[in-house]
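The values are calculated or read from the model by the stated rules, or taken from the named source; none is laboratory data. Just so it is clear, the structure is predicted and the values come from calculations on it, not from any experiment. All Cβ positions, even for glycine, are placed from backbone atoms using ideal geometry, and neighbour counts span all protein chains on display. Surface accessibility is based on the protein's heavy atoms, side chains included, excluding ligands, DNA and RNA. Shrake-Rupley method; radii C 1.70, N 1.55, O 1.52, S 1.80 Å.
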Amino acid sequence: EGNWGKPCRLLTNCFRMKMDSAGSIYHYHYTLRPLAKTPAEEKWALEQIWAQLTEHLGNFVIFCPRHIFSHLCLDQELTLAVKAAPTKNFGKHEISITKFQTVSAEQVNSGIVGEAEVVMRHAVKMLVEPLKYQRVGRRYFNNCDSTEGKASLAVLGGFTATLCEMGMRRGCNPQLQLDTMFRTLHKKDIIDSVRTSLEGGDPIAVDLAEVQTEWRRRCIGATVVTTYNTRVYQIKAVHFDKTPQEEFLMYNRDQKSESSVTFLDFYHGYYQREINEKRQPLLEAYPEKETEKVFLVPELCAFTGFNDELRKDKTIMTEALKISKVSPGERFNAITGLTRDMASRMSSPNINDTGSAKFLKDWKLTMDPKPVEIEGRIFPNLEVSFGQKQYKIEEGNFQRWMRNGLQCPTSLEDWLFIYPETDEPVLDIWLRSLRDIATVAFGMKMSDPQKIVCTNQRDELVQLLEEKVTPKTQMVLLLTPQKNSKCVYNLLKKTTCTKLPCGTQVVKSETVRKRQSIAAVLSRIVLQINAKFCGPLWNVNLDPCAPVFVRPTMVIGIDVYRSSEQGQQEQWIGFAASLDTACTEYYSNASQLDPARTRQSMSVKLQEYTRDALLEFTQRNEGLLPHHIIVYRASISRQDWAPVYATEIEAIKLVLSSIDCASSHSEPQDTSMCYQPDLTFIAISKHVGMRFFASCVTDHQQSIKNPEPGTVIDSTAVGGLEPGSFYLINQAVGKGAASPSHYTVLCDSANLGPNILQNLSYRLSFLYFNYTGSVTMPAPAQYAKKIAHFVGTAVRESPHKRLVRTFFYL
């Protein structure tokens, strides 16, 4: 654990689970003779002996293949017979069950359970079951109760309940992790929502590629709610070859028979709903049981969550944020309220004694309703530098200091300004205001642009660019009307990132006519333009992170963007590597991974980009190679660690080992030795269920608030923390509860230690030039995330080599 920073006490959303000293987990192995031909046959065989297993093992838990866990001890081997099922082509089996080992209560309470962790996971399900919430993956929704806001906006409440990863921790109880959540329910059905996304296009014209792409983009992975019975589902796929006129086999429970019925007749007969659009595609949702298939009709479903359409309506957005972004105190009270509800229901005499309560009683498991309290540390406030001036960063943000110049203002001398004819009346005033802010507030130089009228941008823009853009053109500023704005944006970006490389900035025409906050809007545009030319906007001192940057150091960010918009799963790698000691100049690149061999493709691309980044580094630093390489790999979870190490870390090591020191101008050393820089590789996971709350006393009353920006947690009392891992809260949160990022060190040949890595990760979060404050990840990882998403959605191919030293993707 580290020790830099001011200590602080924090409450968590974790609750200890404990096994009574009289309890134990008995671990058995089962063997089928002959072996089952398929997993389905093995599962069927176990189902046939379920009653006998219950008689001998009580409340048991099976973990296929091979493992059975029970709270009862068998003194001798148990053998059970299963008869054949010719109709299913399943043969007869003999199943032998033998005791493998015993896990004591002391081991369970110390977190040393191994494969028996599955018992604790099942116990979490048993704790949640009496609440009667609908389960969708790891989420539980209260679909019987939705909140209606003043703007006629419904909000669906729920929570997540998981067992903290136990991993390699020692001396720490198993912990239940709870977190509340709220989903906004859209007023429009899915067809109308897709129609809005298509900007008035026909969402039923599914023979068009762009319509199919939009359906997949909006639906796959989305959480939806049915309007006829308020059930929650997650969408798996969109089937354009199926319509509500399709027939399906419906099982009649009363008659215990199956019959064919169309979706039209089913919804008319059971829910008195008439389906108007007969040609709409069907949505396939993830089923609650593996043996089932669930198809939904878009007309009878609504999206949940926030989208662009919702954000445009300020009244609805304000109401949605008020309900869904609850304060830290309200969130904490809701979480502790859930645990009290669980405890009261489990102890209620009305609970069936053969269900959840009996399971926990048999296994001698209890839950502490008090949240786990741990110690964290707060890094001191940093200073941001704008060249000659430095200012204190307050609450993770320095927007108030932005009009004090830039670290490195750029000069814009040869640029194009393309606009529709309808914007001409307000053009001169807006352009003059833009130039005034650029020169007066930020010290930039902006010459007069070449003005070009282009009204039919969707059809004429590409040809216009081919005629007007020259090798000397620095930037194209495009004003585009709302209609077809997404299509025009993609055309511009694809053309200027691949064929005619230059910087671009897109502004919607409605922005030009805005009078409110016009100075703030223009400032953001100017800052983005300056950043795209690799003009560092500000600087944060990285010297306290020594020995990092004492010698030449490169910091790399890697991320992967996943998409299903084109009808198949696509993955795009984003790569960003710092080239200077201040981490303000970068080599950035992105490309699509081969879907047939993703891991191999990832290895090849990483080797290519690492090699190119090292070449750019030597050119930028007078022939020096970095002595230390630090990699932040974003968007990976615990199950990804092993393949990431085998593929990505080894790929980088392979490139480094292939470099001959004699070919570089590094410090004098034995040229017969290979290039061997230190390598530190850190995995980042943003989507974590852990929440932290700071408790303070005001007027003799306890109040709950978010932890301060710069709070780091690496206490071993926190569930899910491996040795060398930590949680970091970089940013101040105005609405809602702060969400930490989880960092795990997978490789560190430099032995930097926790203090340096934690401090470095915090300081780097202020160097992302698209936001005037700290972001949730270190800047290199944020740049990698941004370029992967940008290239994967707008450009759709690798960018031109002339752009890799710029922030063209911001």
Going 7 Å from the Cα of Phe295 toward and past its Cβ, which residues in the stretch 212-248 have a backbone nitrogen under 11 Å from where you end up? 239-248
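If you wrap the stretch 369-444's Cα atoms in a convex hull and average its projection over all directions, what's the area in nm²?
Values: hull surface 42.9 nm².
Directional mean of the projected Cα hull area for the stretch 369-444 stands at 10.7 nm².
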Against the longest alpha carbon principal axis of the chain, how many degrees, from 0 to 90 and to the nearest 10, is the axis of helix 328-347 turned? 10 degrees
With the crude spin-label approximation of a point 7 Å out along Cα→Cβ, what separation in nm comes out for Ala546 versus Thr98? 6.3 nm
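Leaving out ligands, DNA and RNA, what percent of the accessible area of the stretch 324-433 is carbon and sulfur, probe 1.4 Å?
46 percent
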Between 0 and 90°, nearest 10: helix 485-494 axis offset from the chain longest Cα axis: 70 degrees
So how many Å³ per residue does the convex hull of the Cα atoms of the stretch 457-512 work out to? 69 Å³
Which whole-number percentage describes the relative contact order of the chain, with Cα contacts under 8 Å and a sequence gap of 6 or more? 14 percent
Using a Cα-Cα cut-off of under 14 Å, which aspartates and glutamates could be cross-linked to Lys236, ignoring same-chain neighbours fewer than 8 residues away? Glu284, Glu288, Glu290, Glu292, Glu565
For the chain, restrict the atom set to alpha-carbon positions and state the Rg and Dmax in Å. 29.6, 91
Which FRET efficiency, nearest 0.05, do Thr716 and Ser344 yield, Cβ-Cβ r, R0 35 Å? 0.65
Unit charges on C-beta of K, R, D, E only; dipole of the chain, Debye: 1060 debye
Using a Förster distance of 30 Å, how high is the FRET efficiency between Asp594 and Ser637, based on the Cβ-Cβ distance and rounded to 0.05? 0.85
Within the stretch 462-510: Cβ-based charge dipole about Cα centre, in debye rounded to nearest 20 (Lys, Arg +1; Asp, Glu -1): 120 debye
Please compute the length gained on full extension between Leu72 and Cys674, using 0.36 nm multiplied by the number of residues separating them and subtracting their Cα-Cα distance. 210.8 nm
Quotient of Cα Rg and 2.2 N^0.38 Å for the stretch 397-438, N being how many residues it contains: 1.55
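Give me the percent of the accessible area of the stretch 674-739 that comes from carbon and sulfur atoms, probe 1.4 Å, all protein chains in place.
47 percent
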Give, in nm to one decimal, the length gained when the segment between Gln399 and Gln134 is fully stretched (0.36 nm per residue of separation minus the Cα-Cα distance). 91.1 nm
So the angle from the long Cα axis of helix 39-48 to the longest Cα principal axis of the chain, reported in degrees to the nearest 10, equals 30 degrees
State, to one decimal in nm², a quarter of the convex hull surface area for the C-alpha atoms of the stretch 238-279, i.e. the direction-averaged projected area. 3.5 nm²
Once Ala646 and Glu210 are pulled to full extension, the length gained, defined as 0.36 nm per residue separation minus their Cα-Cα distance, is 153.2 nm
Placing each pseudo-label 7 Å from Cα in the direction of the beta carbon, Glu608 and Glu330 end up separated by a distance in nanometres of 4.9 nm
Helical mean residue ellipticity (222 nm; -39500 (n - 2.57) per DSSP H run of 4+; nearest 500) of the chain: -8000 deg cm²/dmol
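Send over a whole-number figure in Å² for the accessible area per residue of the chain, probe 1.4 Å.
Details: 37690 Å² over 810 residues.
Here the per-residue accessible area is 47 Å².
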Quote the FRET efficiency, to the nearest 0.05, computed for Ser749 versus Glu375 with a Förster distance R0 of 25 Å and r equal to the Cβ-Cβ distance. 0.25
Hey, which aspartates and glutamates would be in cross-link range of Lys735, C-alpha to C-alpha under 16 Å, not counting anything within fewer than 8 residues on its own chain? Glu319, Glu330, Glu395, Glu708
In percent, how large is the relative contact order of the stretch 406-513, given Cα pairs closer than 8 Å and 6 or more residues apart? 34 percent
What whole-number value in cubic angstrom gives the convex hull volume per residue for the C-alpha atoms of the stretch 27-158? 166 Å³
Label-to-label distance, nm, for residues given as Glu797 and Glu258 (7 Å Cα→Cβ offset): 4.8 nm
